[in-house]
Amino acid sequence: MPKRKYQTPEILHDAPLTDQKAADFHFDDFAATLARLIASPGTETPLAIGINGAWGSGKTSLLLRVKNMLDKPNGEDGKGEHRFAEVSEKFRTCKAVWFDAWKYSGEDQILAALLRVIVAEMQRDGFWNWLKAQSQAKKEDLKWFDLLADSLLQFASAGVYSLNLGDYRVDTPLKQASAFFDYFDDSLNKLLATWVGGKLVSAKQKEIDEKKGVLVVFIDDLDRCMPDKTVQVLEAVKLFLDKQGCIFVLGADIKIVQTAVETHYKNTGITGESAKDYLEKIIQLRFDLPPIVEQAMENYLRSQKIVDKDMLKRWRTLIAAAEVNPRRVKNVINDLNLQWHMAANSGQAEGVNRDDFICWQALIHAAPSAFVRQVTDFEDKSIRYNFIRDALKWQNGKQEDKDAVKGFFSAYEDKDSNRLRKVLRNISFSNEFTMDALDAMIYMTVPPSKPLELSSNELPDLVEVTASSGSEKRGIPDFLREAGWVESDIENQENLPTYAVPRFVGRGETAMPTADQNRRTIGGLEFVRVPQGSFVMGSKDDNPLAYDSEKPQHTVDINYDYWMAKFILTNLYFAEFIKATSYVTTADERGGWHPKQTNFVKGVNWRHPTDVKDKWEDKQDHPVVQVSWDDAMAYCKWFNETFNNELGDLVLRLPTEAEWEKAGRGAYGNEWPWGNEFDANKCNSAEGGKGGTTPVGLYSPQGDSPYGCADMAGNVWEWCNDWYDADEYKKRAKASVVNPRGPKNGGYRVLRGGAFNNSDRGVRCSDRYRYGPYLRSDGSGFRVVVSPFS
């Protein structure tokens, strides 16, 4: 095995952006404006300025720029001038202190930590030594200083033993923040006035002369603190806002801070506008960092040496994955570089298209965790591959393609999936993006260089099509070329007047015809089309909601299109059948289930669904209930005879379990028809408290399945054609499953979908229930299907 030459990944550091690396973000202009405001003698104090922005938007970078300008108004070398310090204007002295609120969030008293930071900054500035020298030289009476220093050190003792303050030493810090200000406020004011003014103040001066100087405290990462600590910081700021010459600059996401205030004071009624008012009393001035434009971020990426030409080609994609957020952009670039070099150094990048890899990494960064989990949970790689292809169609395809697959992604239409949708609109994969290539990028494995043959699971249903005459170009079908085949893989090319093409792109492909072809009405019933192809059936072994009878999860192929009724059959349509045939139902003969008496009661039937006084005429658009499996089959027989002309070669019947489950959850195994997160507002389940049936379609379209079926979760259980077998799924998992029809006999028939009195677990699409074919209840009905097979 040849020795591989390792490559070293390069990354961008996560430190705040330097002046040179963010010129296009206008941070210098913003910083200069803020520095001028702070340093202007005309700006009255006390004052608190809020710099508002999301995490990673550049708040820290901006605050550091402002502090740097105030610390070094004549530039780094002392010769130049910052743009805010023009010669024509005179600015006051600014003593700047940096306080990382998050670093001190574990302390009992945030105010003590803040005072300690101020004391430490005085020490770094040489103030304590200067003050002692002034005292000795001028023989000033500094008793106020002795008292203050001792008390200050008691209050903020931890970590200041190294201060050069003579014999001052303490053992225990004070615990009450207000005590210091109550007793030593005047002394602290004199101390700050002396430090900021650069000279000993007179006995009469009690505050900083704001015309000549100010104390500027920068508080960063306030939005990273827990709610109680956030409020402590704000209360500490409030204490200082009684002091002239003090300016606070707070960097935080104001929405998070407001939420923290609401959480801390939830028992006192400070919420919503009250919390907003609370903040406005503390933060008088606010600057909202504007969103960074794409062009500025592109320029930033082009200035980074580690961003190569392949990444620059996809700069829009990478920026979309990071929501044009500087920190997130760096994270995306760093992760992409690390993942690629890991794959390259382990030999797993061989055969992987770099551009496809970049698109995939951007997609994974942008996708919510539910999307990523859904992709990686698929055990069948063809299902996984088709899911990604359908996701691209959903956002980046022709309108008919979007309409065909949008039901699979209804869970990702919310604002939390904005990045996912934007990245999908910005990416495209090459012809080298195959099932194996996708697996290689997920699991870091080497994809086959060329698949010499397709397995039966991967090969689509084929129909033979005659090749066009002429000799302009001979070759192989596009679907084989996309799978990695070349002409040399086909023997005797010159003898191929015909070749096979897929009816759809491949087995498991979920693309459907245009929206107009996906709806039809037969015998007054509305049907939706469910296309042929593979789908995920059952539940994984580690699914905590799943019952043993629905395990393990496996792939099932239904190789024909079929039409599922959009709604459960209603009383109105069942009454039509009874009127035409005078059919006597099982409940008519033996009585129906009475929910209160918990027994079968004569007189309770489909006409009187829950009690002899209950009338179906009052519930014409509700599901018909109190019908047995035998009753449902009788209806199907009548329908086929009555509407034979409309059906043509098709047959109406009860759906198989597989047909029902695919129609209910789609190709990709949704837990509930609409997705993988339960929502009581999308179905009639126990959580909704209806206590009985509801009109069909009441929860449509928000609760519809990916193909457009309503009420597939809850309302009433639905009869299926199959006999029930508890071990059916276990048997299927061991072999390729095509068009399963269930066992040939048994004692129970299958019910699916759950009812109004079942909780979220019982209304999942994969849940199975058994019931004797002669049984009936107020919570069971049926839905019909039209297919090519009886």
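The values are calculated or read from the model by the stated rules, or taken from the named source; none is laboratory data. The shown structure was predicted, so the numbers you read here are calculated from the model rather than taken from an experiment. Please note: Cβ atoms are built from the backbone with ideal geometry, for glycine as well, and neighbour counts cover all protein chains shown. Areas reflect the complete protein model, heavy atoms only, side chains present, ligands, DNA and RNA absent. Shrake-Rupley method; radii C 1.70, N 1.55, O 1.52, S 1.80 Å.
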Completion exercise
Picking from N757, N739, the residue that is open to solvent by 10 Å² or more (accessible area, probe 1.4 Å), among the polar types (S, T, N, Q) and farther than 23 Å from G666 by Cβ would be N757
Fill in the blank from the handout: Pairs returned, first residue in region 612-633 that is open to solvent by less than 20 Å² (accessible area, probe 1.4 Å), second residue that is among the basic types (K, R), beta-carbon separation under 7 angstrom, 6 or more apart or interchain, are Q626/R776; V627/R776; S628/R776
Exercise for the section: Return yes or no: is A252 modelled with pLDDT of 90 or more, under 29 Å from the mean Cα position of the chain (by Cα) and surrounded by 22 or more Cβ atoms within 10 Å (Cβ to Cβ)? Expected result: yes
Completion exercise
Here the residues within region 556-609 that are hydroxyl-bearing (S, T, Y) and under 28 Å from S700 (Cα atoms) are Y560, Y562, T570, Y573
Problem - Residue count for region 665-706, restricted to those that are among the small types (G, A, S) and within 17 Å of F756 (Cα to Cα) - result: 10
Practice task
Please state which one of D310, D335 is in a helix (DSSP H, G or I), open to solvent by 20 Å² or more (accessible area, probe 1.4 Å), touching a Lys or Arg at 6+ places or on another chain (Cβ under 6 Å) and under 28 Å from P368 (Cα atoms).
Solution key: D310
Completion exercise
Residue pairs within 7 Å by beta carbon, gap of at least six or interchain, first lying in region 268-288 and farther than 22 Å from C246 by Cα, second of a type in the set (F, W, Y), listed first then second, are I270/Y278
Exercise for the section: Would you be able to tell me the number of residues in region 209-228 that are closer than 24 Å to D125 by Cβ and of a type outside the set (A, V, I, L, M, F, W, C)? Expected result: 7
Problem - Meets criteria (open to solvent by 60 Å² or more (accessible area, probe 1.4 Å), outside any helix (DSSP H, G or I) and either of a type outside the set (D, E) or farther than 30 Å from K313 by Cα (or both)) for K266 - result: yes
Completion exercise
So, first residue more than 24 Å from V324 (Cα to Cα) and charged (D, E, K, R) in region 27-56, second residue modelled with pLDDT of 90 or more and part of a loop (DSSP other than H, G, I, E, B), Cβ within less than 8 Å, six or more apart or across chains; the pairs are E44/E210
Problem - Tally, over region 634-651, of residues that are out of contact with any Phe, Trp or Tyr (no Cβ under 6 Å at 6 or more places or on another chain) and touching a residue at least 60 places away in the same chain (Cβ under 8 Å) - result: 9
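Can you name every residue in region 671-714 that is polar (S, T, N, Q) and touching a Lys or Arg at 6+ places or on another chain (Cβ under 9 Å)?
Matches in region 671-714: N676, N684, T693, S700, Q702, S705.
Per-residue answers, yes or no, for (1) modelled with pLDDT of 95 or more; (2) open to solvent by 10 Å² or more (accessible area, probe 1.4 Å); (3) of a type in the set (S, T, Y); (4) in contact with a helix residue (DSSP H, G or I) (Cβ under 6 Å, 6 or more places away or on another chain):
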residue: K682; (1), (2), (3), (4): yes, yes, no, no
residue: A686; (1), (2), (3), (4): yes, yes, no, no
residue: V696; (1), (2), (3), (4): yes, yes, no, no
residue: W719; (1), (2), (3), (4): yes, no, no, yes
residue: P743; (1), (2), (3), (4): no, yes, no, no
residue: R764; (1), (2), (3), (4): yes, no, no, no
residue: R783; (1), (2), (3), (4): yes, no, no, no
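Given Y583, Y547, which one is open to solvent by 20 Å² or more (accessible area, probe 1.4 Å), aromatic (F, W, Y) and out of contact with any strand residue (DSSP E or B) (no Cβ under 8 Å at 6 or more places or on another chain)?
Values: Y547 fails: out of contact with any strand residue (DSSP E or B) (no Cβ under 8 Å at 6 or more places or on another chain).
Within the list Y583, Y547, the selection yields Y583.
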Problem - Hey, R425 surrounded by 17 or more Cβ atoms within 10 Å (Cβ to Cβ), assigned to a helix (DSSP H, G or I) and out of contact with any Pro (no Cβ under 6 Å at 6 or more places or on another chain) or not - result: no
Practice task
For region 634-670, name all the residues that are open to solvent by less than 10 Å² (accessible area, probe 1.4 Å), among the hydrophobic types (A, V, I, L, M, F, W, C) and closer than 30 Å to V612 by Cβ.
Solution key: C636, F639, L654
Handout entry: Sole exception among (1) over 30 Å from Y6 (Cβ atoms); (2) surrounded by fewer than 18 Cβ atoms within 10 Å (Cβ to Cβ) for E432, by number
Key = (1)
Problem - Which numbered condition Q374 fails, given (1) crowded, with 18+ Cβ neighbours inside 10 Å; (2) touching a helix residue (DSSP H, G or I) at 6+ places or on another chain (Cβ under 6 Å) - result: (2)
Completion exercise
Residue pairs within 8 Å by beta carbon, gap of at least six or interchain, first lying in region 319-336 and closer than 13 Å to I292 by Cβ, second among the hydroxyl-bearing types (S, T, Y), listed first then second, are N325/S57; P326/S57; P326/S61; P326/Y300; R327/S57; V329/Y300
Exercise for the section: Residue by residue through region 700-717, note down the ones that are touching a Phe, Trp or Tyr at 6+ places or on another chain (Cβ under 9 Å) and open to solvent by 30 Å² or more (accessible area, probe 1.4 Å). Expected result: S700, Q702
Handout entry: Residue that is part of a helix (DSSP H, G or I) and within 28 Å of the chain's Cα centre (by Cα), where the choices are K330, K281
Key = K330
Handout entry: Candidate set: region 655-694, residues that are free of Cβ contacts under 8 Å to residues at least 40 places away in the same chain and in a loop (DSSP other than H, G, I, E, B); chosen: the one nearest to S787 (Cα to Cα)
Key = D679
Practice task
Within region 95-110, track down each residue that is out of contact with any Lys or Arg (no Cβ under 9 Å at 6 or more places or on another chain) and either modelled with pLDDT under 80 or open to solvent by 50 Å² or more (accessible area, probe 1.4 Å) (or both).
Solution key: K103
Fill in the blank from the handout: (1) closer than 30 Å to D611 by Cα; (2) of a type outside the set (A, V, I, L, M); (3) surrounded by fewer than 19 Cβ atoms within 10 Å (Cβ to Cβ) all hold for F789 apart from (1)
Completion exercise
Reported set for region 343-364 where residues are farther than 14 Å from A437 by Cβ and modelled with pLDDT under 90 is A344, N345, S346, G347
Problem - Hits in region 752-762 - residues which are touching a helix residue (DSSP H, G or I) at 6+ places or on another chain (Cβ under 9 Å) and either within 17 Å of K662 (Cα to Cα) or not hydrophobic (A, V, I, L, M, F, W, C) (or both) - result: R752, G753, G754, N757, N758, S759, D760, G762
